[in-house]
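Enquirer: Dropping a structure here in structure tokens format, bear with me for questions.
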Amino acid sequence: MGLSFRHFNYFGYGIYNDIKSRLPHYKSDFTDAFNYRVIPSTAFIFFTNLLPAIAFAQDMFDKTDHAYGVNEVLMSSALAGVVFGLFSGQPLCIVGVTGPISIFSYTVYELIHPRGTPYFPFMCWVYLWSMVFHIIIAVGNYISFLRIISLYSCDIFGFFINMVYIQKGIQILSNQFDDVDLASGYCSVMIALLMVICGVGSNILGNYLHYFKPWVRKVFVDYGVVVSVIFFTGFIHFGGKLDDTDLARLPITQSFQPTRNGEIRPHGWFIHFWPGENISVGDVFLAIPFAILLTFLFYFDHNVSSLMCQSKEYPLTKPASFHWDFLLLGLTTGLAGILGIPAPNGLIPQAPLHTDSLVIHDKTGKRLSVVEQRVTNTAQGALTFLMMSRPFLVVLGLVPQAVLSGLFFIMAIGGLHGNIVTNRIRYCFLDKEYIETDPQCPQVWKDIHRLPTKKWFYIYTLLEIIGGVAEFAITLTKGAVGFPGVLLFLAFCAKWVWPLIIPKDELAKLDGDVADEFILKNFTVASDEKKRRRRRSDAEEKERGSNYHESTNEQSESVTS
């Protein structure tokens, strides 16, 4: 094995090491699931993955002439959950349909539709080319370049995603005024705000107040969002004036069938993508630049999601997996193209929220351990697949779009509350006497307040705001398809440009590694192995030289005697 890796410049060594280090834990990934935390985590991540994905399905449904709908998104999320739950190296990373892939999908449609290019065969080739690039990156150990990703990149990306969620929530409510009537619009706003009060309030009651016993407060945290979704779905059926209000609900289609099953998709779930009558050869190669952009997006988005769900704040004990998981992502991307569904990838904030929901705390709130297992991810994927059956599709059709808006707000508020960019902005407006004298002041602000020089803190915070706004702004333009380039550009800036602006000792206090070295070492496993073998080879060469000199000296002494 070692000779083959040496001969082929260590191609595939990262994948080999990921599998080798993670495989011994495969059995325990199931036995460790016999823990209560798995139940609320499965319910929580199922709803926080399912409903936002359906909202993005509505976006793609409207902007791709009904090419993608609810069933395509359900199929993609279910496929990702089961495949990554069972076969990935890091099953804590939740994979599904994201806002960025939604933006990518309808932007591509807007660009190629005027040319008369068939959408599904073209997207299939985009995904197939991207699969090839994924395989090259994974086998060539090029995931190692992501070692440049620092807290700056992760923090502004999380900040950007939460801004997208707020925008999406507002957009859904705005559509209720435009597409239905004023009564529907105002009722939707009321439902969304009540959901926010219940969802965020349950989190505040469970984590920050001291009413009830600890186990009761934990129930509020575990099930507050789930109960809010279920309650406000039924709320619109309470009668009275609500019966006179026509609320927009989720669009559904036939069970287990594509949305446009017919002229646009004559072969059902199988896309005929080969050149000829399906697509021109020129369009096959036109798909390559789009595939490169998609690969850049997934290269950054998926691996950052994986890093964030394995960040320093979580006491993880099982090894990471980046090369193998990226290869697996490439395979699911290619399969998504053939099935005619949106390609899934790592989800923010769902991935870190998943890990957070599996944390075991002591009585003081300190994180003791994480229930690292495969059941929650696999189970939520299987449940999502069941949602494609007729009875569950009917249930989905009962959910008002206002509930989706409320869920987006709940997730965005929770994400922004824990985001360091938001906390740094809030620090700028805080009463400094409160930080110095109040023992209840959060530690994050005390740490900032202890910085000897605030000048560089304000400059760095400004750079974070600029980065997050730049990512958000490009998604509002026709150039949205190129926003993966902005992500990589900002990552390079954090690594090589910001140190030219901010002194390195000051930058070290503000930026740093996302995860512990225990997790990050899997990034550079191939290059580290090269160095290790080179050192071993040098030592062997030195030993052979020493043995040669000793042998020569012995021969000389023998001749002399």
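Only the coordinates and a few stated rules stand behind these numbers; no lab work does. Everything quoted here is computed from the prediction, not taken from an experiment. Note that each Cβ is placed from the backbone with ideal geometry, even for glycine, and that neighbours are counted across all protein chains shown.
Enquirer: Rounded to whole Å, give me the distance from the Cα center of region 150-195 to that of region 53-103.
Expert: A separation of 19 Å, based on Cα centres.
Enquirer: Please find the FRET efficiency linking Ile338 to Leu368, where r is the Cβ-Cβ separation and R0 is fixed at 45 Å, and quote it to the nearest 0.05. Write down the numbers at each step before the final one.
Expert: On the way: r = 44 Å, r/R0 = 0.98.
Step by step, r from the Cβ atoms, then E = 0.55.
Enquirer: If you don't mind, there's one more thing I want to ask. Per 5 Å bin from zero, what fraction in whole % of the C-alpha pairs of region 175-218 is there, up to the bin with the longest pair?
Expert: It works out to 5, 22, 17, 12, 11, 10, 9, 9, 5, 1, in whole percents.
Enquirer: Sticking with this structure for a sec: Distance check, please: which entries in Lys363/Lys509; Lys363/Lys446; Lys318/Lys478; Lys168/Lys509 exceed 32 angstrom between their Cα atoms? Working shown, then result.
Expert: Numbers: Lys363/Lys509 30 Å; Lys363/Lys446 23 Å; Lys318/Lys478 42 Å; Lys168/Lys509 34 Å.
Over 32 Å apart, Cα to Cα: Lys318/Lys478; Lys168/Lys509.
Enquirer: Would you please give the FRET efficiency between Ile39 and Arg450, computed as 1/(1 + (r/R0)^6) with r the Cβ-Cβ distance and R0 = 56 Å, to the nearest 0.05? List each step's numbers first, then the result.
Expert: Values: r = 41 Å, r/R0 = 0.73.
According to the calculation, E is roughly 0.85.
Enquirer: Let me know the Rg and Dmax you get for region 131-271 when you use only its Cα atoms, in Å.
Expert: Cα radius of gyration and Dmax of region 131-271 are 22.2, 64 Å respectively.
Enquirer: Treating the angle as unsigned and between 0 and 90°, give the value, to the nearest 10°, between the Cα long axis of helix 281-308 and the longest Cα principal axis of the chain.
Expert: Relative to the chain, helix 281-308 is tipped by roughly 80 degrees.
Enquirer: Further question: Neighbour counts of other C-beta atoms within 10 Å: give me Ser174, Ser21 arranged from fewest to most. Each step should come with its number before you reach the end.
Expert: Values: Ser174 14, Ser21 18.
Ordered from fewest to most neighbouring Cβ atoms within 10 Å, Ser174, Ser21 come out as Ser174, Ser21.
Enquirer: Can you compute the FRET efficiency between Asp244 and Tyr208 using 1/(1 + (r/R0)^6), with r the Cβ-Cβ distance and R0 = 30 Å? Round to the nearest 0.05.
Expert: Values: r = 39 Å, r/R0 = 1.30.
After rounding to 0.05, the efficiency reads 0.15.
Enquirer: How far apart, in nm, are the 7 Å Cα→Cβ label points at Asp62 and Ala382?
Expert: Output for this residue pair reads 3.6 nm.
Enquirer: Let me ask another. Assign unit charges at the C-beta atoms only (+1 for Lys and Arg, -1 for Asp and Glu), then state the dipole size of region 368-468 relative to its Cα centre in Debye, rounded to the nearest 20.
Expert: 220 debye
Enquirer: Please compute, over every Cα-Cα pair in region 335-427, the percentage with a separation greater than 20 angstrom. Numbers along the way, then the final one.
Expert: Working: 2634 of 4278 pairs.
It works out to 62 percent of all Cα pairs.
Enquirer: Under the Karplus relation 6.51 cos²θ - 1.76 cosθ + 1.60, θ = phi - 60°, what is the ordered set of whole-Hz ³J(HN,Hα) values for region 178-195, x standing for Gly and Pro?
Expert: With coefficients 6.51, -1.76 and 1.60, one gets 7, 8, 10, 7, 5, 4, 5, x, 5, 5, 5, 4, 4, 4, 4, 5, 5, 4 Hz.
Enquirer: First check a/c for region 383-491, with a ≥ b ≥ c the square roots of the eigenvalues of its C-alpha gyration tensor; if it is under 1.5, answer rounded, and if not, answer prolate when a/b is larger than b/c or oblate otherwise. Don't skip to the answer; put the middle values down first.
Expert: Numbers: a/c = 3.50, a/b = 1.65, b/c = 2.13.
Oblate, because a/c is 1.5 or more while a/b does not exceed b/c.
Enquirer: Just the number: Rg to Rh for the chain, Cα atoms, Kirkwood Rh, two decimals. Numbers along the way, then the final one.
Expert: Details: Rg = 26.2 Å, Rh = 25.4 Å.
Ratio of gyration radius to Kirkwood radius for the chain: 1.03.
Enquirer: Starting with the fewest neighbours, write out Leu353, Leu111 ranked by other beta-carbon atoms found within 10 Å of each beta-carbon. All intermediate terms of the calculation are to be shown ahead of the outcome.
Expert: Numbers: Leu353 24, Leu111 13.
Lowest count first: Leu111, Leu353.
Enquirer: I would also like to ask the following. Could you state the number of Å between the C-alpha centres of region 286-318 and region 501-515?
Expert: Taking the Cα centre of region 286-318 as reference, the centre of region 501-515 is 22 Å away.
Enquirer: Moving on to the next point. How much length, in nm to one decimal, is gained on full extension between Asp431 and Trp274, taken as 0.36 nm per residue of separation minus their Cα-Cα distance?
Expert: Numbers: separation 157, 0.36 × 157 = 56.52 nm, distance 6.44 nm.
In short, 50.1 nm is gained.
Enquirer: Please report Ile292, Ile112 as a ranked list, fewest other C-beta atoms within 10 angstrom at the top and most at the bottom. Walk me through the numbers before you get to the answer.
Expert: Values: Ile292 16, Ile112 19.
Result, fewest neighbours first: Ile292, Ile112.
Enquirer: OK, next. Take Ala470 and Phe30, extend 7 Å from each Cα along the Cα→Cβ direction, and tell me the distance between the two endpoints in nm.
Expert: 4.8 nm
Enquirer: Mean residue ellipticity at 222 nm from the helices of the chain, using -39,500 (n - 2.57) per DSSP H segment of n ≥ 4 over the full residue count, to the nearest 500 deg cm²/dmol? Please list the in-between numbers first.
Expert: Working: 25 runs with 369 residues, N = 561.
Only helices count here, giving -21500 deg cm²/dmol.
Enquirer: How far apart, in nanometres, would the label points at Gln440 and Ile360 be if each is projected 7 angstrom from Cα along the Cα-to-Cβ direction?
Expert: Using points 7 Å along Cα→Cβ, the separation is 3.1 nm.
Enquirer: I would also like to ask the following. Could you state the angle between the C-alpha long axis of helix 13-22 and the longest principal axis of the C-alpha atoms of the chain, as a value from 0 to 90 degrees rounded to the nearest 10?
Expert: 70 degrees
Enquirer: Find, to one decimal place in angstroms, the Kirkwood hydrodynamic radius of region 199-342, where the mean of 1/r is taken over every pair of different Cα atoms and then inverted.
Expert: Working: mean 1/r = 0.0477 Å⁻¹.
Result for region 199-342, one decimal place: 21.0 Å.
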